[in-house]
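Asker: Below is one structure. I have some questions about it.
What follows is calculated from the coordinates using simple rules that are stated; it is not laboratory data. Values in this document were obtained by computation on a predicted structure and should not be read as measured data.
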Ligand code: FES
């Protein structure tokens with residue numbers, strides 16, 4: 001991955017505030033996507049929730065829809081959030097918004 005750290009963090013922060021698409025990311029943050037390569041990286045990143053355990057947003061949404069209503073329960077079912085824990089705010093937001 002070649003995405004600059006500050007952009008990576010902008011995406012992660014926006015995800016924790018509910019951004020699930022590039023459009024929502026642009027509304028929530030002031031991220032500037034410079035080129036096609038960067039866009040591809042951001043598109044891949046925004047679909048992922050937990051880097052440590054390589055868990056997609058969609059996997060967590062599925063777990064939440066199946067009844068996992070706390071960060072701990074999501075972790076039990078998907079392993080998301082059970083590494084460094086930095087993605088827990090994203091998991092919380094998914095639980096809150098059910099998306
Ligand atoms: S990114 Fe999810 S536990 Fe580290």
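Asker: Identify which of 61, 32, 74 has the largest mean-square fluctuation in a Gaussian network model of the chain, with springs joining Cα atoms closer than 10 Å.
Answerer: With Cα springs under 10 Å in the chain, the top fluctuation among 61, 32, 74 is at 32.
Asker: Let me ask something additional. Along its three principal axes, how long is the chain when you only count alpha carbons? Whole Å, largest extent first please.
Answerer: Principal axes ranked by extent give 39, 23, 17 Å for the Cα atoms.
Asker: A further question on this structure: Please check: in the Gaussian network model of the chain (C-alpha springs, under 10 Å), which one of 46, 33, 60 has the largest mean-square fluctuation.
Answerer: Most flexible of the set in this elastic network: 33.
Asker: Given N residues in region 49-99, what is its alpha carbon radius of gyration divided by 2.2 N^0.38 Å? The partial results should precede the final answer.
Answerer: Numbers: Rg = 9.0 Å, N = 51, 2.2 N^0.38 = 9.8 Å.
Normalised by 2.2 N^0.38 Å, the Cα Rg of region 49-99 equals 0.92.
Asker: Between 0 and 90 degrees, rounded to the nearest ten: what's the tilt of helix 5-16 against the longest Cα principal axis of the chain?
Answerer: Taking the Cα atoms of the chain, the angle to 5-16 is about 40 degrees.
Asker: Who wins for biggest fluctuation among 35, 66, 54 in a Gaussian network model of the chain, springs between alpha carbons below 10 Å?
Answerer: 35
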